[in-house]
Amino acid sequence: ASIGRSPRNDPDPPGPHRGSRTCSWRERAVNRPLLAAGFMSLLLVIYLAFSLNYAWILINDSSVLAKAMGYALGLLPLLGVWALFSELRFGQASSRLARTLETRGTMPTEFSLTPSGRADRTTAEELFPAFARAVEDEPESWEMWMRLGIAYDACGDRRRARWAIRRAIAIEKSGA
């Protein structure tokens, strides 16, 4: 890019996607959650700081009721920190497993994509039984559980996707 040229008009913008106009769905799948996790973590840390500050104010009050509320309020940030670290560990472990699938060439690519780059839900629902059968055939394979989690996510069932991916992480950790 030359000086004075708007990045918008640059035919070959610099960066990791040089030479292409759009990111692949895999690149979006990695970048968006990282940005969202970073933003939400920052908001949670700010909230925790305010909660601890207010808890300290209540603890230093002369009223017994205010002190009790202050101690109770002090427990909430501890719970928040635990939840934050649990989610960050989940994200790190699931990303590591997804990268492993990617390098092995076993990342599910069967789903049709919408113009936005997301998996087409109709196609994903049609292909889902094959992923479920693979888990039934190999219940101790973290790869099959991870692929099932990705299929659940493509179908829009985030709760079951997280459940299957957590199962994949547990199996992979146990070395089975």
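The values are calculated or read from the model by the stated rules, or taken from the named source; none is laboratory data. Small disclaimer: the values here were computed from a predicted structure and weren't measured. Note that each Cβ is placed from the backbone with ideal geometry, even for glycine, and that neighbours are counted across all protein chains shown. Calculation scope for accessible area: heavy atoms of the full protein, side chains included, ligands and nucleic acids excluded. Shrake-Rupley method; radii C 1.70, N 1.55, O 1.52, S 1.80 Å.
Here are the numbers for this structure:
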quantity: Helices (runs of 4 or more DSSP H) lying entirely in the stretch 117-176 (those with 1 or more residues that are open to solvent by 90 Å² or more (accessible area, probe 1.4 Å)); calculated: 121-137, 158-174
quantity: Condition check for residue 63: small (Gly, Ala, Ser) and within 26 Å of residue 118 (Cβ to Cβ); calculated: no
quantity: Filtered residue count, the stretch 53-70, keeping only those that are open to solvent by 60 Å² or more (accessible area, probe 1.4 Å), part of a helix (DSSP H, G or I) and out of contact with any Leu (no Cβ under 8 Å at 6 or more places or on another chain); calculated: 5
quantity: Identity of the residue in the stretch 76-108, among the aromatic types (Phe, Trp, Tyr) and open to solvent by 50 Å² or more (accessible area, probe 1.4 Å), that ends up farthest from residue 53 (Cα to Cα); calculated: 85
quantity: Some residue of the stretch 108-121 being within 23 Å of residue 175 (Cα to Cα) and touching a Leu at 6+ places or on another chain (Cβ under 6 Å); calculated: no
quantity: Residue 134, sole failed condition from (1) modelled with pLDDT under 85; (2) more than 21 Å from residue 47 (Cβ to Cβ); (3) more than 21 Å from the chain's Cα centre (by Cα); calculated: (1)
quantity: Residue check, residue 164 of a type outside the set (Asp, Glu) and within 20 Å of residue 36 (Cα to Cα); calculated: no
quantity: Verdict on residue 111 being open to solvent by less than 60 Å² (accessible area, probe 1.4 Å) and outside any helix (DSSP H, G or I); calculated: yes
